[in-house]
1. At 10 °C and 1.306 mPa s, what whole-number value in µm²/s does Stokes-Einstein give for the translational diffusion of the range 74-132, with Rh from the Kirkwood sum over Cα pairs?
2. Determine the share of the chain's accessible area contributed by carbon and sulfur atoms, expressed in whole percent, with a 1.4 angstrom probe.
3. Which FRET efficiency, nearest 0.05, do Val144 and Asp117 yield, Cβ-Cβ r, R0 22 Å?
4. Nearest 0.05, what FRET efficiency do Glu80 and Tyr161 give at R0 = 35 Å with Cβ-Cβ as r?
5. Ignoring ligands, DNA and RNA, how do Ser121, Ser115 rank by accessible area with a 1.4 Å probe, largest first?
6. Note down the magnitude of the dipole of the chain about its Cα centre, charges +1 on Lys and Arg C-beta and -1 on Asp and Glu C-beta and zero elsewhere, to the nearest 20 debye.
7. Rounded to the nearest 0.05, what FRET efficiency do Phe15 and Tyr127 have when you use their Cβ-Cβ distance and R0 = 30 Å?
8. Excluding Thr65 itself, what net charge comes from residues whose Cβ is under 11 Å from its Cβ, given Lys and Arg +1 and Asp and Glu -1?
Amino acid sequence: YSYNGGGTWQPHAQFDNMDTNSSIISCIHQDTATGTIYVGTGSSFDAYANSARVAWPGYGIFVSTDGGVTFSHLSSTTPEDRYSTQGESWIATNRIRTNSAGIIYAATERGLQISTDDGESWTNPIYVDEAQTIPFNQKCADVVVGHDDKVLVSFLGGAVYLSENGTD
């Protein structure tokens, strides 16, 4: 963190004691309406990835509602197995964004995850089939939310999806 516009930097005490085998912060997003800060952990975009294709497995998402003074872990984003060879969503959070309605979007190792309840629960809104029974679980590289709340999502391999309303 920095208190002088980036002139000097200090490690944040809450993240300073995490193991050195993790890419502690892969993305940071501050909601412009509420000031809430989201910190995503883990990185899978590395040439030296382990067998799970995640070089730096993370711990999910941390959130601050006091301007970054303290952070709490969103327990709903705790990876079951940080070294899974099958991969799982929360071992790598590549990007976090929010819209004007407070929906949280997370581009993760196993697809796009959205939360409409402040991170208590998450769903993957993108499906492979028309019946919406098979979620699209490819590595989600990026998510962007426009001023009009349209959501654009890109996946490793080139797939791109657009949501006009941010939920479907």
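The values are calculated or read from the model by the stated rules, or taken from the named source; none is laboratory data. In this text the structure is predicted, and so the values were computed from the model without any measurement. As a convention, Cβ positions derive from the backbone with ideal geometry for all residues, glycine included, and neighbour counts pool all protein chains shown. Heavy atoms of the whole protein, side chains included, go into the accessibility calculation; ligands, DNA and RNA do not. Shrake-Rupley method; radii C 1.70, N 1.55, O 1.52, S 1.80 Å.
1. Numbers: Rh = 12.2 Å.
Answer from the Stokes-Einstein relation: 130 µm²/s.
2. Numbers: 4580 of 9150 Å².
Of all accessible area on the chain, carbon and sulfur atoms account for 50 percent.
3. Numbers: r = 22 Å, r/R0 = 1.01.
Taking R0 as 22 Å, the efficiency between Val144 and Asp117 is 0.50.
4. On the way: r = 26 Å, r/R0 = 0.75.
That pair, Glu80 with Tyr161, gives E of 0.85.
5. Ser121, Ser115
6. Roughly 440 debye, rounded to the nearest 20.
7. Working: r = 35 Å, r/R0 = 1.17.
E between Phe15 and Tyr127, to the nearest 0.05, is 0.30.
8. Working: positive: none; negative: Asp31, Asp66, Asp118.
The answer is -3.
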